[in-house]
Structures are given as C-alpha cells and as structure tokens.
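Visitor: Structure incoming, see below.
The values are calculated or read from the model by the stated rules, or taken from the named source; none is laboratory data. Remember, it's a predicted structure, so these values are computed and weren't measured experimentally. Note: ideal-geometry Cβ built from the backbone for every residue, glycine included; neighbour counts use all protein chains shown. In case anyone asks, the SASA skips ligands and DNA or RNA and just uses the protein heavy atoms, side chains included. Shrake-Rupley method; radii C 1.70, N 1.55, O 1.52, S 1.80 Å.
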Amino acid sequence: MEKWPIGVFSSVDAGLGVRLDVAKELGIPTVQLHAPHPGNRSENAAQRFLKDAEQAGVTVTCVFGGFEGESYADIPTTARTIGLVPEETRASRLAEMKEIAAFARHIGCDAIGMHIGFVPEDTSPSYEGVLSATRELLDELAGYGQRLHLETGQETASHLLKFISDSGRTNLFINFDPANMILYGTGEPIAALKQVGHLVRSVHCKDATWAAEDVRGKEWGREVALGDGDVGMATYLQTLKDLNYDGPLTIEREIPQDPVRQKADIGQAVQLLTRLREQVLG
Ligand code: MG
C-alpha cells in the first residue's frame with residue numbers, strides 16, 4: 001500500500017460513516033469500519049461486507065468498537081456512558097469487544113479501535129477495574145496477533161501514556177485524533193502527538209475549534225470541516241512525517257443528520273489531504 005493512503009469511516013449497519021459506493025466515487029482506498037451491531041457480527045456478514053469492499057476497491061484498516069447506551073451528548077454524559085469505564089456494563093462490553101475482534105478477524109483486520117472512555121484518575125478504584133478489563137481484552141487479541149488502538153482525547157496525553165504503560169502489554173497502541181484534544185480541551189494536539197507519537201498506529205483527520213477558555217473541558221469545542229479548525233493540517237501532517245508514521249489518513253466527519261454536507265466536507269478533506277500529502281512527502 002502507498003504511504004498515507006486516504007481513508008474514511010464506513011459501517012456495515014450502524015448508519016455512520018459513508019457507504020462504500022461513496023468511498024469509491026471519492027477515490028478513497030481505505031476505511032475504518034464501525035463494528036456492526038450484535039447479531040450482525042457473523043462470518044457470513046463479514047464475507048458479504050468484504051465482497052462489497054473488494055468491489056469498491058477498499059481495504060479495511062481498523063475495526064472500531066462501540067456500544068449500545070453510549071452517548072456523546074455533552075462531556076459529562078460522555079464521561080458517564082463511554083467505553084469500559086461504566087462499571088455496570090463493563091463485563092458485557094468486554095465480551096462484546098471480544099466478539100467484535102472475532103468479526104475483525106473474519107474481515108482479515110488485525111487492528112481494533114475503541115474509545116475506552118475517560119481513563120479514571122490512577123488513584124481511583126475504578127482505574128484498576130478498567131485496567132484489568134483492558135488487559136483481559138489485550139491478552140485475547142494477542143492470541144490472534146491483533147492490536148488495540150485507543151482513541152485519544154478524553155484524557156491528557158500523559159495520562160493515556162501512564163495507562164498504556166500500566167497495562168504492561170505490548171499490543172496496546174494509539175489511534176490519534178487531534179480534534180478530540182481540542183473538543184475535550186485535553187491539550188494542544190501537536191504537542192500531544194509528539195508526546196505519544198511512538199505509540200501511534202492509526203490516525204483520524206478531523207478538525208475542531210476550541211471552546212471559550214472559561215468553559216474548556218466542561219463544554220465541547222466545535223467540530224468543523226477539515227482545514228477550517230484549529231488543528232493546523234499542514235503541521236499535523238509534517239509532525240506525522242517526522243514521527244515516521246506511514247499508515248492511513250482516515251477522515252472522520254460524523255454528521256449523519258446531513259449526508260449531503262457530510263459528502264461535500266469529505267470531498268473537501270480528500271482534496272486538502274491529497275495536496276498536503278504531496279507537499280509534505282515531496
Ligand atoms: Mg476520532
């Protein structure tokens with residue numbers, strides 16, 4: 001595969017991301033896949049999707065887990081509902097992640113992504129609980145040569161590094177999302193990228209503007225079309241080059257309520273990334 005192939009999100013049944021025919025139309029060769037809902041994770045479902053992907057000339061580079069009951073309505077709701085952090089659903093979601101990993105194997109994909117949730121303070125009792133669930137998942141994945149990529153943004157880069165180091169496992173990596181650092185107010189994205197760069201195995205190309213300083217970290221910043229926000233895409237790509245990152249550049253633009261604008265924004269993102277890739281890689 002060429003260096004920095006452009007990518008986009010797609011899904012089997014989640015109604016998120018773009019359809020494969022749209023990816024094909026936009027000339028996009030890779031996708032990260034939102035995991036299908038329970039009941040659609042069979043080998044047959046995987047084979048059907050693979051056939052469509054092949055016809056569209058698209059390779060799946062990462063399968064992203066997600067769960068019923070998660071909500072990104074606002075920052076407190078996100079903290080309460082996302083990933084392996086909520087205790088009541090931790091065991092069932094862990095079981096689901098194992099099922100999603102099996103689906104990824106049917107697709108032939110060795111990278112599983114997820115929002116683990118806001119990693120708790122390492123002095124809190126739930127830190128150990130999240131850590132031990134994560135280790136169990138990592139050990140299951142390791143048996144099949146699979147890796148877990150944690151999405152960034154819900155905690156600072158330092159806290160994420162501490163969590164990864166405390167896991168004591170070698171198949172835990174990072175899916176870096178620069179816009180999340182801005183949206184959640186958890187740190188300047190380029191500095192964060194430099195800090196965690198050695199563990200970055202996949203990235204999102206997403207952009208956002210900061211919330212006002214007095215509410216940062218309490219209220220969302222605003223997600224915007226790629227190039228229109230505060231990330232600085234040229235610097236972002238230059239930093240990825242300096243880190244010797246050579247994986248896909250996966251565009252993330254989730255506005256399912258407005259598919260026309262979503263397609264236009266993704267088209268704009270493809271043009272921007274194509275131009276910058278040429279400029280940065282030379
Ligand atoms: Mg993301």
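Visitor: Look through region 21-52, keep the residues that are without any contact (Cβ under 8 Å) to a residue 40 or more places away in the chain and touching a strand residue (DSSP E or B) at 6+ places or on another chain (Cβ under 6 Å), and return whichever of them is least open to solvent (accessible area, probe 1.4 Å).
Guide: Ala23
Visitor: Related question: If the requirement is being in contact (Cβ under 8 Å) with a residue 60 or more places away in the chain, surrounded by fewer than 17 Cβ atoms within 10 Å (Cβ to Cβ) and not aromatic (Phe, Trp, Tyr), which of these qualifies: Ala142, Ala79, Ala91?
Guide: Of Ala142, Ala79, Ala91, the one residue that is in contact (Cβ under 8 Å) with a residue 60 or more places away in the chain, surrounded by fewer than 17 Cβ atoms within 10 Å (Cβ to Cβ) and not aromatic (Phe, Trp, Tyr) is Ala79.
Visitor: While we're looking at this one, here's another question. Sort through Arg277, Arg201 and tell me the only one that's surrounded by fewer than 20 Cβ atoms within 10 Å (Cβ to Cβ), assigned to a helix (DSSP H, G or I) and of a type outside the set (Val, Ile, Thr).
Guide: The unique qualifying residue is Arg277.
Visitor: Applying the selection to region 185-194, what residues are buried (at least 21 other Cβ atoms within 10 Å of the Cβ) and β-branched (Val, Ile, Thr)?
Guide: Thr186
Visitor: Given the conditions (1) more than 30 Å from Trp220 (Cα to Cα); (2) assigned to a strand (DSSP E or B), which single one is not true for Ser10?
Guide: Evaluating Ser10 over (1) more than 30 Å from Trp220 (Cα to Cα); (2) assigned to a strand (DSSP E or B) leaves (1) as the failure.
Visitor: Which ones in region 242-266 are outside any loop (DSSP other than H, G, I, E, B) and either basic (Lys, Arg) or touching a Leu at 6+ places or on another chain (Cβ under 6 Å) (or both)?
Guide: Leu249, Arg261, Lys263
Visitor: Let me ask you something else. Check whether at least one residue in region 1-17 is surrounded by 15 or more Cβ atoms within 10 Å (Cβ to Cβ), in contact (Cβ under 8 Å) with a residue 24 or more places away in the chain and among the polar types (S, T, N, Q), and report yes or no.
Guide: yes
Visitor: If you don't mind, there's one more thing I want to ask. Every residue in region 145-184 that is surrounded by fewer than 23 Cβ atoms within 10 Å (Cβ to Cβ) and more than 24 Å from Leu33 (Cα to Cα), please.
Guide: Thr156, Ser158, His159, Leu161, Lys162, Phe163, Ser165, Asp166, Ser167, Gly168, Arg169
Visitor: Could you check region 82-195 for helices (runs of 4 or more DSSP H) lying wholly inside it with 2 or more residues that are hydrophobic (A, V, I, L, M, F, W, C) and within 16 Å of the ligand (Cβ to nearest atom)?
Guide: Hits in region 82-195: 157-167, 178-183.
Visitor: Here's another thing I want to ask about it. Any idea how many residues of region 242-265 are within 14 Å of the ligand (Cβ to nearest atom) and in contact with a helix residue (DSSP H, G or I) (Cβ under 9 Å, 6 or more places away or on another chain)?
Guide: Residues in region 242-265 being within 14 Å of the ligand (Cβ to nearest atom) and in contact with a helix residue (DSSP H, G or I) (Cβ under 9 Å, 6 or more places away or on another chain): 6 in total.
Visitor: Which residues, counting only those in region 87-118, are closer than 14 Å to Glu68 by Cβ and small (Gly, Ala, Ser)?
Guide: Scanning region 87-118 gives Ser92, Ala95.
Visitor: Against the definition (out of contact with any His (no Cβ under 7 Å at 6 or more places or on another chain), surrounded by 14 or more Cβ atoms within 10 Å (Cβ to Cβ) and at pLDDT 95 or above), how does Thr250 come out, yes or no?
Guide: no
Visitor: Then there's this: Here are the criteria: (1) in a helix (DSSP H, G or I); (2) free of Cβ contacts under 8 Å to residues at least 40 places away in the same chain; (3) farther than 23 Å from Thr61 by Cα. Tell me which single one Asp228 does not satisfy.
Guide: Failing condition for Asp228: (1).
Visitor: Go through region 94-114 and give me each residue that's open to solvent by 30 Å² or more (accessible area, probe 1.4 Å), more than 14 Å from Asn40 (Cα to Cα) and in contact with a Gly (Cβ under 8 Å, 6 or more places away or on another chain).
Guide: Hit for region 94-114 is Asp110, nothing else.
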